[in-house]
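Working notes, structure below.
The values are calculated or read from the model by the stated rules, or taken from the named source; none is laboratory data. Please read all numbers here as calculations on a predicted model, not as lab measurements. When we count neighbours, we look across all protein chains shown, and the Cβ atoms used for this are built from the backbone with ideal geometry, even at glycine. Quick note on the areas: whole protein, heavy atoms, side chains included, nothing else; ligands and nucleic acids left out. Shrake-Rupley method; radii C 1.70, N 1.55, O 1.52, S 1.80 Å.
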Number of protein chains: 2
Amino acid sequence: MPRPRVLPYIILGLLNKNGMMSGKDMISEFKTDISEFWTVSHSQLYPELQRMVDEKQIKVAEDVEVKDRKVINYVIEAKGQETLKRWLAEPITLKNDELTSLKLYCISDQRAPILQQILKQCLALHQQKVVHLKARKELLFGDELAIKANYGHYLILSRAIERESDYVNWLQSKIN
Amino acid sequence: MPRPRVLPYIILGLLNKNGMMSGKDMISEFKTDISEFWTVSHSQLYPELQRMVDEKQIKVAEDVEVKDRKVINYVIEAKGQETLKRWLAEPITLKNDELTSLKLYCISDQRAPILQQILKQCLALHQQKVVHLKARKELLFGDELAIKANYGHYLILSRAIERESDYVNWLQSKIN
DNA sequence: CAACTATATGACGATAACGACATAAAGTCA
DNA sequence: TGACTTTATGTCGTTATCGTCATATAGTTG
């Protein structure tokens, strides 16, 4: 199996946050808000919307008022809200941590319990990472000679430690 | 077309750095050194090695001495070194910046000119990013009400600014 | 040596990614 | 209204991904 799709969850997240949206609305919000972390092409989006309607995760919003019969608006269904909730509640692991920013983006309420849960799990994960990376640096680059012989490796390992440490600090500052 | 492969370049980078390696050697180095940034399964690696032999990027190292006829060792060819060099020299953009750490990993010599070139391009890119992100935060989250209404979005945008600023500082400290 | 296990390599099927092309409704301007 | 452009949605072919199964050699233990 190829890598799992995240698109359906992001669609649910947007619809849950914003109410009614069309495909074009989603595309533009993807681009302006989260393109740093994740992108899709429209040729993935439209088939996905159809699939999700079939699965009753979302439905077409039938506005009698709307004159524009070209644009198709969608709203989230109860089943979709449950799917989203389960996705947000999935334990954060090394494998899925790249999705954490996207999950946070889907949570608008500052006091949602799931938000602090995510931040705490994320903190634990990255604290472990710092420990692991520091041990590795110690092991590999104890002497100056090793640094000179593998400078690129040394650079990215050093950077990883700083990056992760900075992230840990930030997470701690946002956890109650 | 699907997303382009990076595997061939990483293979060239490893062989260029380490000399003779087998598929299994590569797998284990992938895992220990760069699995933070990028992963492959062995079912991608072995066909790729064959393809690259066909393309004369690498060749099978015919050791008469070697007793172990199960393991296949490879070495880089002149064409492969050129391919690698061209890859490392590609301008860094928003699209390919996720590969920058992998590129650095392939450069062992601290005084290689390409290393500083990469760091400088990377710096320029992320400085722009900081400017852009700060402008967006200003625009979207000028008032406290907007923060409360979209807290997850506020969080990831704030984090992005800190992350990028930290990265910019680090890059500056490594540039001559 | 025989039998079993571990390991390095190889092959395949299902599906996700994504550029390119297609279509039809809406907008624009004469 | 007619011709042209723009845009929102839809479709397709190629190729990358990745779990799973397969194979053959090396190692190990009796």
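Taking all protein chains together and rolling a 1.4 Å probe, B:Arg5 ends up with roughly 120 Å² accessible.
Normalised Debye scattering of the protein assembly as shown at q = 0.07 Å⁻¹ gives log10 I(q)/I(0) of -0.38, counting only Cα atoms as equal scatterers and leaving out solvent.
Among the listed pairs A:Lys103/A:Lys129; B:Lys70/B:Lys103; A:Lys85/B:Lys95; A:Lys17/B:Lys137; A:Lys85/B:Lys31, those with a Cα-Cα distance over 29 Å are B:Lys70/B:Lys103; A:Lys85/B:Lys95; A:Lys85/B:Lys31. Computed from point charges on the beta carbon alone (+1 for Lys and Arg, -1 for Asp and Glu), the dipole magnitude for chain A about its Cα centre is near 240 Debye. Counting, for every residue in B:34-42, the Cβ atoms of other protein chains within 10 Å of its Cβ and taking the mean gives 2. Placing unit charges on each Cβ (+1 for Lys and Arg, -1 for Asp and Glu) gives the range B:24-157 a dipole about its Cα centre, and among B:Tyr105, B:Gln44, B:Gln57 the Cα reaching farthest toward its positive end belongs to B:Tyr105. Taking chain A as a Gaussian network of alpha-carbon nodes connected by springs under 10 Å, the highest mean-square fluctuation of the residues A:Leu45, A:Leu15, A:Leu84 belongs to A:Leu45. By the compact-protein rule of thumb, 2.2 N^0.38 Å, the alpha-carbon radius of gyration of the range A:89-176 corresponds to a ratio of 1.32. Its alpha carbons considered, the range B:1-46 gives a radius of gyration followed by a Dmax of 10.5, 33 Å.
Out of the total accessible area of the protein assembly as shown (probe 1.4 Å, heavy atoms of protein only), what percent is carbon and sulfur?
For the protein assembly as shown, the apolar C and S fraction of the accessible surface comes to 53 percent.
Our helix-only sum for chain B, with -39,500 (n - 2.57) per DSSP H run of n ≥ 4 divided by its residues, gives a mean residue ellipticity at 222 nm of -19500 deg cm²/dmol. Between B:Lys134 and B:Ala78, the simple spin-label model (points 7 angstrom out along Cα→Cβ) gives 5.1 nm. Say we join alpha carbon atoms closer than 10 Å with springs in a Gaussian network model of chain A; which of A:Ala149, A:Ala61, A:Ala89 then has the biggest fluctuation? Ranking A:Ala149, A:Ala61, A:Ala89 by mean-square fluctuation puts A:Ala149 first. Mean per-residue shielding of peptide A:73-85 is 0, counting Cβ atoms of other chains within 10 Å of each Cβ. Considering only the other residues whose Cβ falls under 11 Å of the Cβ of A:Val75, what net charge follows from Lys and Arg at +1 and Asp and Glu at -1? Here the charged neighbours net out to -2. In a shell of Cβ-Cβ distance under 14 Å around A:Leu157, excluding A:Leu157 itself, what net charge do Lys and Arg (+1) and Asp and Glu (-1) give? Its environment carries a net charge of +1.
Would you work out the Kirkwood radius for the range B:88-129? I mean one over the mean of 1/r across all pairs of different Cα atoms, in Å.
Evaluated on the range B:88-129, it is 10.5 Å.
Taking every Cα-Cα distance in chain B and sorting them into 10 Å bins starting at zero, the pair-distance distribution P(r) comes out as 8, 29, 28, 18, 11, 4, 1, 0 percent. Simple point charges give the picture: +1 on the Cβ of Lys and Arg, -1 on the Cβ of Asp and Glu, and for the protein assembly as shown a dipole about the Cα centre of about 100 debye.
Suppose R0 equals 41 Å; then what is the FRET efficiency for A:Val53 and B:Met1 from their Cβ-Cβ distance, rounded to the nearest 0.05? Efficiency at R0 = 41 Å is approximately 0.90. Spacing of the modelled spin labels on A:Asp63 and B:Asp109, each 7 Å from Cα toward Cβ, amounts to 6.3 nm.
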